[in-house]
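Visitor: First the structure, then my questions, so here it is.
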Amino acid sequence: MRLPGKKAPRRVRYCREEPHSGPMPAVWVRFYGELNDFMRPERRGRRFLHTLRGPSSVKDTIETLGVPHPEVDVIIVNGTAVDFGYLLRDGDRVAVYPAFRSVDLGGVLRVGEPLPDPVRFVLDIHLQKLASLLRLAGFDAVVLDEDAVIARAGGQDGRVVLTRDRELLKRNEVRWGYWVRSTDPPRQFLELVRRFALAPHARPFTRCLACNAPLRPVTKESVIDRLPPRTRAEFDDFHLCEACGRIYWRGSHYQRLVRFLEKSLQR
Ligand SMILES: [Zn+2]
């Protein structure tokens with residue numbers, strides 16, 4: 001308590017679970033698992049005190065601390081699961097969990113929504129190469145370049161937003177989303193395979209890498225006029241994208257792509 005005429009006390013760094021008695025309401029917060037990727041090093045894997053600046057929902061507080069809401073699956077306050085609208089009170093103890101796909105949470109209230117089935121993606125424009133890898137594995141992956149349009153696709157259109165922009169994921173319309181950690185496309189692809197348990201749903205070589213439309217098998221005769229002479233001589237199986245007209249065959253890159261998919265999708 002401040003006494004009249006006394007100097008303000010030095011700021012105390014709360015590093016233990018001491019009873020909170022500051023002048024402003026504050027809550028204890030701890031993030032679990034991969035949500036720590038959003039935390040400053042000194043906050044990773046530990047409980048820390050967060051001062052509230054007025055009435056705050058648990059969702060706003062989690063996002064103020066740097067974690068976009070689509071990354072969160074379960075929120076426990078004082079031992080009870082709550083939804084995003086819960087209004088925090090002085091002294092609350094908040095534990096925030098990511099989606100653990102392999103864990104059965106029974107009847108615990110989850111703020112994360114069940115994934116669209118089949119899972120479909122919308123990618124931020126800077127993730128073009130990742131989109132091609134998703135299409136290679138057969139996943140529906142559109143690329144858009146305007147935040148409002150991407151967010152809408154991640155809400156009403158039922159797509160999972162993939163981006164390296166955390167602020168985009170914090171938009172209210174986004175229902176499903178994931179902040180892509182790596183900057184290397186093959187590693188990014190592996191992140192998604194693990195995060196969304198993609199392996200059993202892969203349908204390799206069924207989608208156009210350029211435009212995302214499904215491919216269909218066509219006879220050699222129907223496309224022969226458009227094939228380079230060596231391809232015409234060496235290959236017999238062809239697929240066509242009816243949306244953009246590209247023709248696919250098992251050319252020189254095929255074996256390399258097969259190896260990449262086998263390695264990435266192994267369970
Ligand atoms: Zn196409």
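Visitor: What number of residues in region 150-184 are over 11 Å from the mean Cα position of the chain (by Cα) and farther than 22 Å from residue 118 by Cβ?
Guide: Here the count works out to 8.
Visitor: Give 141, 137, 202, 151 a once-over and let me know the one that is closer than 25 Å to residue 57 by Cα and among the hydrophobic types (A, V, I, L, M, F, W, C).
Guide: It is 151.
Visitor: What are the residues in region 213-252 that are part of a loop (DSSP other than H, G, I, E, B), within 15 Å of the ligand (Cβ to nearest atom) and basic (Lys, Arg), if any?
Guide: 246
Visitor: Here are the criteria: (1) among the aliphatic types (A, V, I, L, M); (2) touching a residue at least 60 places away in the same chain (Cβ under 8 Å); (3) part of a helix (DSSP H, G or I). Tell me which single one residue 197 does not satisfy.
Guide: Answer for residue 197: the failing condition is (3).
Visitor: Also, I was wondering about something else. Can you tell which of 167, 173 is closer than 30 Å to residue 60 by Cα and assigned to a helix (DSSP H, G or I)?
Guide: After applying the criteria, what remains is 167.
Visitor: Can I ask one more? What number of residues within region 252-264 satisfy the criterion of being surrounded by 13 or more Cβ atoms within 10 Å (Cβ to Cβ) and small (Gly, Ala, Ser)?
Guide: Total satisfying the criteria: 1.
Visitor: Quick test for you: out of 108, 142, 149, pick the one residue that is in a loop (DSSP other than H, G, I, E, B), aliphatic (A, V, I, L, M) and surrounded by fewer than 18 Cβ atoms within 10 Å (Cβ to Cβ).
Guide: 108
Read the figures in this text as sums done on the coordinates, not as results from a lab. Owing to the predicted nature of the structure, the values given are computational and were not obtained by experimental measurement. Note that we place each Cβ from the backbone using ideal geometry, even for glycine, and neighbour counts take in every protein chain shown.
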